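Please read the structure below before turning to the comments.
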Amino acid sequence: KAGVTQTPRYLIKTRGQQVTLSCSPISGHRSVSWYQQTPGQGLQFLFEYFSETQRNKGNFPGRFSGRQFSNSRSEMNVSTLELGDSALYLCASFNPGYQEQYFGPGTRLTVT
Amino acid sequence: EDQVTQSPEALRLQEGESSSLNCSYTVSGLRGLFWYRQDPGKGPEFLFTLYSAGEEKEKERLKATLTKKESFLHITAPKPEDSATYLCAGFQGAQKLVFGQGTRLTINP
């Protein structure tokens, strides 16, 4: 069974631009969560989607948004990029039957 | 405030030298405790989920245990390939994990 996939793997953007990241969960998993990982703050929860609905949201500004499609694929958008948005963005899909959450390889975003 | 604290921040061991990593937590509505392994530049790799005090789970050289306030990851006779950052996270439901800062483990041959 294929794992969680994220595209693109690497991205360089300029301050003020916007960016869209994509995540495809493990087949059969309907829940997708997004996390931001930085050296200073560690892994921080952004939001979670289940059946196209956002169920939970972390403490991030409104510039961070997401959505989920009917096939469970999810996208995350960051508008008006700031230098501090440089991070590894991780997507995770959840297996409720076994209470296990699996992460993708991440998208490394660099804002210059 | 929900908090997960891991200690030590970094640990260097010789191959075969057993040790334990600590994860203490104060997470409201905790429904479980997750352990992950993360290699540089990669996403976290799922290891264990623990649900209740007294529970133990094992995988190869790793054993995770849980009490009411903390969890331990015991590493028995580690090998160089066990070198990684080990993360623990409190699970609050709705798939939200509260992560600790991790323990960076180095195993010297």
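Quick one: what pairs do we get from the range A:88-112, first residue free of Cβ contacts under 8 Å to residues at least 12 places away in the same chain, second in a loop (DSSP other than H, G, I, E, B) and surrounded by fewer than 21 Cβ atoms within 10 Å (Cβ to Cβ), C-beta under 8 Å, 6+ apart or different chains?
Final answer for the pair search is A:Gln99/B:Tyr51.
Which members of the range B:92-109 meet the condition of being in a loop (DSSP other than H, G, I, E, B), in contact (Cβ under 8 Å) with a residue 12 or more places away in the chain and either facing chain A (nearest Cβ under 7 Å) or under 27 Å from B:Gln3 (Cβ atoms) (or both)?
We begin by selecting, within the range B:92-109, every residue in a loop (DSSP other than H, G, I, E, B); these are B:92-96, B:100-102, B:109.
Narrowing the set further to residues that are in contact (Cβ under 8 Å) with a residue 12 or more places away in the chain leaves B:92-93, B:100-102, B:109.
Those that are in a loop (DSSP other than H, G, I, E, B), in contact (Cβ under 8 Å) with a residue 12 or more places away in the chain and either facing chain A (nearest Cβ under 7 Å) or under 27 Å from B:Gln3 (Cβ atoms) (or both): B:Gln92, B:Gly93, B:Gly100, B:Gln101, B:Gly102.
Out of the residues in the range B:3-58 meeting the condition of being part of a loop (DSSP other than H, G, I, E, B), more than 14 Å from chain A (Cβ to nearest Cβ) and at pLDDT 95 or above, tell me which one is nearest to A:Asn95 (Cα to Cα). Walk me through it before giving the result.
Kept after step one, since they are part of a loop (DSSP other than H, G, I, E, B), are these residues of the range B:3-58: B:8-9, B:15-18, B:27-31, B:39-44, B:51-55.
Then drop every residue that is not more than 14 Å from chain A (Cβ to nearest Cβ), which leaves B:8, B:15-18, B:53-54.
Keeping just the survivors that are at pLDDT 95 or above gives B:8, B:15-18.
Details: B:Pro8: 30, B:Glu15: 34, B:Gly16: 34, B:Glu17: 35, B:Ser18: 32 Å.
The qualifying residue nearest to A:Asn95 (Cα to Cα) is B:Pro8.
Results for (1) touching a residue at least 40 places away in the same chain (Cβ under 8 Å); (2) at negative phi; (3) touching a Gly at 6+ places or on another chain (Cβ under 8 Å); (4) in a strand (DSSP E or B), shown as yes or no for each residue.
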position: A:Gly3; (1), (2), (3), (4): yes, yes, yes, no
position: A:Ser33; (1), (2), (3), (4): yes, yes, no, yes
position: A:Leu43; (1), (2), (3), (4): yes, yes, no, yes
position: A:Tyr49; (1), (2), (3), (4): no, yes, yes, yes
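Do we find that B:Ala89 is under 18 Å from B:Ser7 (Cβ atoms), more than 11 Å from every other protein chain (Cβ to nearest Cβ) and of a type in the set (Gly, Ala, Ser) in this structure? Spell out the reasoning first.
On the way: under 18 Å from B:Ser7 (Cβ atoms): yes; more than 11 Å from every other protein chain (Cβ to nearest Cβ): no; of a type in the set (Gly, Ala, Ser): yes.
Criteria not met by B:Ala89.
When the residues of the range A:31-40 are narrowed to those that are more than 9 Å from every other protein chain (Cβ to nearest Cβ) and under 16 Å from B:Lys96 (Cβ atoms), which ends up nearest to the chain's Cα centre (by Cα)?
Initially, the range A:31-40 is screened for residues more than 9 Å from every other protein chain (Cβ to nearest Cβ), giving A:34, A:36, A:38-40.
If we keep only those that are under 16 Å from B:Lys96 (Cβ atoms) as well, we get A:34, A:36.
Values: A:Trp34: 3, A:Gln36: 7 Å.
Residue satisfying both the conditions and the ranking: A:Trp34.
Which of the residues spanning the range A:79-112 are over 11 Å from A:Arg15 (Cα atoms) and among the hydrophobic types (A, V, I, L, M, F, W, C)? Steps first, please.
Here is the first cut: in the range A:79-112, the residues over 11 Å from A:Arg15 (Cα atoms) are A:87-109.
A:Ala87, A:Leu88, A:Leu90, A:Cys91, A:Ala92, A:Phe94, A:Phe103, A:Leu109 - these are the residues of the range A:79-112 that are over 11 Å from A:Arg15 (Cα atoms) and among the hydrophobic types (A, V, I, L, M, F, W, C).
Pull out all pairs, ordered by first then second residue, where Cβ-Cβ is under 6 Å, the residues are six or more apart or on different chains, the first lies in the range B:36-64 and is more than 21 Å from A:Pro96 (Cβ to Cβ), and the second is among the charged types (D, E, K, R).
Going by the 6 Å Cβ cut-off, the qualifying pairs are B:Arg37/B:Glu45; B:Ala53/B:Lys68.
May I ask you to list pairs of residues, at least six apart or on different chains, whose Cβ atoms are under 7 Å apart, with the first in the range A:56-74 being over 13 Å from A:His29 (Cα atoms) and the second being of a type in the set (Ser, Thr, Tyr) and modelled with pLDDT of 95 or more?
Close Cβ pairs satisfying both conditions: A:Arg63/A:Ser79; A:Arg63/A:Thr80; A:Gly66/A:Ser74; A:Arg67/A:Ser74.
Within the range A:87-112, work out how many residues are crowded, with 18+ Cβ neighbours inside 10 Å and either away from every other protein chain (no Cβ under 14 Å) or of a type in the set (Val, Ile, Thr) (or both).
The total comes to 2.
Filter the range B:59-82 down to residues that are part of a loop (DSSP other than H, G, I, E, B) and of a type in the set (Lys, Arg) and give me whichever is farthest from B:Leu13 (Cα to Cα). Full working, then the answer.
Let us first name the residues in the range B:59-82 that are part of a loop (DSSP other than H, G, I, E, B), namely B:60-61, B:67-69, B:76-79.
In the following step, the residues that additionally are of a type in the set (Lys, Arg) were identified as B:61, B:68-69, B:79.
Working: B:Arg61: 14, B:Lys68: 28, B:Lys69: 26, B:Lys79: 9 Å.
Checking each candidate, the answer is B:Lys68.
The values are calculated or read from the model by the stated rules, or taken from the named source; none is laboratory data. Here the structure is a predicted model, which means the values were calculated and not measured. Every residue, glycine as well, gets a Cβ built from its backbone with ideal geometry; the counts of neighbours run over all protein chains shown.
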